[in-house]
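> My questions will all concern the structure given below.
The values are calculated or read from the model by the stated rules, or taken from the named source; none is laboratory data. Only a predicted model underlies this, so the values are computations on that prediction, with no experimental measurement involved. Positions of Cβ are backbone-derived with ideal geometry, glycine not excepted, and every protein chain shown enters the neighbour counts.
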Amino acid sequence: MLSHLQDQPADKILGLMKMYRDDPRPQKIDLGVGVYKDAEGKTPIFRAIKAAEKKLWETEETKAYVGLIGDPAYRDALAKLILGDAVDPECIAGAATPGGTGAVRNCFELARMADPDVRVWVSDPTWPNHLSILKFMGLPTLSYRYFDSETRAVDFDAMIADLSEAKSGDLVLLHGCCHNPTGANLNLAQWQQVIDVLLKTGATPMVDIAYQGFGDGLDEDAAGIRLVARSVPELLVAASCSKNFGIYRERAGLAMAISQDAARRDIHEGALAHLNRQNFSFPPDHGTRLVTMVLGDDDLRADWMAELEDIRLGMLRLREDLASALREASGSDRFGFIADHRGMFSRLGTTPDLVERLREEHAIYMVGDSRMNIAGLNKHTVPILAKAIVEAGI
Ligand code: LMR
């Protein structure tokens, strides 16, 4: 039986992680996988998470199962962080999942349970694993143009033109903030226009939000999703705590189904619980419990917010430093978009050949589509990267 298995296509991001690890050159620079790194190249544990973990260790008395949706207090706390007061909590069904990817998968599955013929619209480009999961599930996928490779900003007219072709019953996947892989984001007026198109076509939005707090701030980054939640009859949300709580390996995510019809909530939550049961049974508890503890304690929450804000501002500074180092090295303003992008990533907008050249000649690792993880830089590596980019003729 197992002899029928074939090699699976390598995940571009994870493949790059391995190549980087295997590279013996000491000056190597990792701008690959979306993991935050501080100036020393470490991925720190947030102070508030460490404190919650200590408290949990001291007070937790059992490791017995919690429930198929996880602890409802986690659903409520994270839903509030993301959605604020945009919708009545009575309308929000949610279930904890193993990481944001688990939530993405279960949202797709929920859509397919509701409508076996669902088609899914994704931005071109999008996170490669969105496409990989959709392909694996055999869901018909359509793409809408998103990124203008000249300006490196959102190609908004093209996006709207493409989304206008969506049909009632289609699912439209949107990135809540800090678009992965481009770093180019919608402003609030543009979100409103996307909502108008969704309402006109009858398509259902699904928002993947994995970087809240990394762009313009916790509330600012959620402004788009809150507007959507207030405006549409139904919304799916896949949320991740990996990045903004720094608990990557704990796998804390949340799948939400929001409907203006509160009477439907229990059915939606029952379906999410059923999906958990079929796919992995109970979701992991440790990370979600830490998040619940941090969000529910005034001191821990304030400290977490302060640390997240420091991280955000540090990444913004790196963006500005890189844009200005490139201005100096290239004698032009053509890299100004790096300072305008938000979140962990920027798409440089160059060819896979030149990305490979950066890797081979300069030991600089970025994803083949020229996505750079800005958090992989520090003040010493910014000028090295700027020089290498200009030398490579980008
Ligand atoms: C990324 O895009 O690099 C992260 O979301 C990590 C991953 O799982 O791909």
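> How about segment 178-204: which of its residues are within 16 Å of the chain's Cα centre (by Cα) and either assigned to a strand (DSSP E or B) or away from the ligand (no atom under 16 Å from the Cβ) (or both)? Before the answer, list the steps.
So in segment 178-204, the residues within 16 Å of the chain's Cα centre (by Cα) come out as 178-186.
Leu186, the sole residue that qualifies.
> Just give me the residues in segment 41-74 being closer than 30 Å to Arg317 by Cβ and touching a residue at least 40 places away in the same chain (Cβ under 8 Å), in sequence order.
Pass one, segment 41-74, residues closer than 30 Å to Arg317 by Cβ: 41-53.
Within segment 41-74, Gly41, Thr43, Pro44, Ile45, Phe46, Arg47, Ala48, Ile49, Ala51, Ala52, Glu53 meet the criteria.
> Is it the case that Ala271 is in contact (Cβ under 8 Å) with a residue 40 or more places away in the chain, surrounded by fewer than 24 Cβ atoms within 10 Å (Cβ to Cβ) and either assigned by TED's automatic domain parsing to the domain that holds Ala114 or of a type in the set (Val, Ile, Thr) (or both)? Show your work before the answer.
On the way: in contact (Cβ under 8 Å) with a residue 40 or more places away in the chain: yes; surrounded by fewer than 24 Cβ atoms within 10 Å (Cβ to Cβ): yes; either assigned by TED's automatic domain parsing to the domain that holds Ala114 or of a type in the set (Val, Ile, Thr) (or both): yes.
Answer is yes for this residue.
> Hey, another quick one. List the number of the failed condition for Arg105; all other conditions in (1) in contact with a strand residue (DSSP E or B) (Cβ under 6 Å, 6 or more places away or on another chain); (2) within 16 Å of the ligand (Cβ to nearest atom) hold.
Condition (1) is where Arg105 drops out.
> Examine segment 121-139 for a residue that is at pLDDT 95 or above and over 22 Å from the mean Cα position of the chain (by Cα), and state whether such a residue exists.
yes
> Touching a Pro at 6+ places or on another chain (Cβ under 9 Å), under 16 Å from Asn180 (Cα atoms) and touching a residue at least 24 places away in the same chain (Cβ under 8 Å) - does that describe any residue in segment 151-158?
Residues of segment 151-158 that are touching a Pro at 6+ places or on another chain (Cβ under 9 Å), as a first pass: none.
Within segment 151-158, none of the residues are touching a Pro at 6+ places or on another chain (Cβ under 9 Å), under 16 Å from Asn180 (Cα atoms) and touching a residue at least 24 places away in the same chain (Cβ under 8 Å).
> Those residues that are aliphatic (A, V, I, L, M) and within 16 Å of the ligand (Cβ to nearest atom), I need them from segment 116-173; list them, please. Don't jump to the end; show me each part of the working.
Just the residues of segment 116-173 that are aliphatic (A, V, I, L, M), to begin with: 118, 120, 122, 131, 133-134, 137, 139, 142, 153-154, 158-161, 163, 166, 171-173.
Those that are aliphatic (A, V, I, L, M) and within 16 Å of the ligand (Cβ to nearest atom): Val122, Leu131, Ile133, Leu134, Leu173.
> Now for a separate question. Tally up the residues in segment 320-337 that are in contact with a helix residue (DSSP H, G or I) (Cβ under 6 Å, 6 or more places away or on another chain) and either hydroxyl-bearing (Ser, Thr, Tyr) or touching a residue at least 24 places away in the same chain (Cβ under 8 Å) (or both), please.
7
> Within segment 277-289, how many residues turn out to be in a helix (DSSP H, G or I) and either surrounded by fewer than 23 Cβ atoms within 10 Å (Cβ to Cβ) or hydroxyl-bearing (Ser, Thr, Tyr) (or both)? Spell out how you get there, then give the answer.
Of the residues in segment 277-289, the ones in a helix (DSSP H, G or I) are 277-279, 286-289.
Cutting the leftovers down to either surrounded by fewer than 23 Cβ atoms within 10 Å (Cβ to Cβ) or hydroxyl-bearing (Ser, Thr, Tyr) (or both) gives us 277-279, 286, 288-289.
Count: 6.
> List the residue pairs whose Cβ atoms are under 9 Å apart, where the first residue sits in segment 220-236 and is among the acidic types (Asp, Glu), the second is in a strand (DSSP E or B), and the two are 6 or more positions apart or on different chains.
Partner pairs satisfying both residue conditions: Asp221/Ile209; Glu234/Thr204; Glu234/Pro205; Glu234/Ala257; Glu234/Ile258; Glu234/Ser259.
> Restricting the search to segment 239-271, which residues are within 16 Å of the ligand (Cβ to nearest atom) and part of a loop (DSSP other than H, G, I, E, B)?
Cys241, Ser242, Lys243, Asn244, Phe245, Gly246, Ile247, Arg251, Ala252
> Can you tell me which residue within segment 149-198, out of those that are at pLDDT 95 or above and charged (D, E, K, R), is surrounded by the most Cβ atoms within 10 Å (Cβ to Cβ)?
The residue in question is Asp170.
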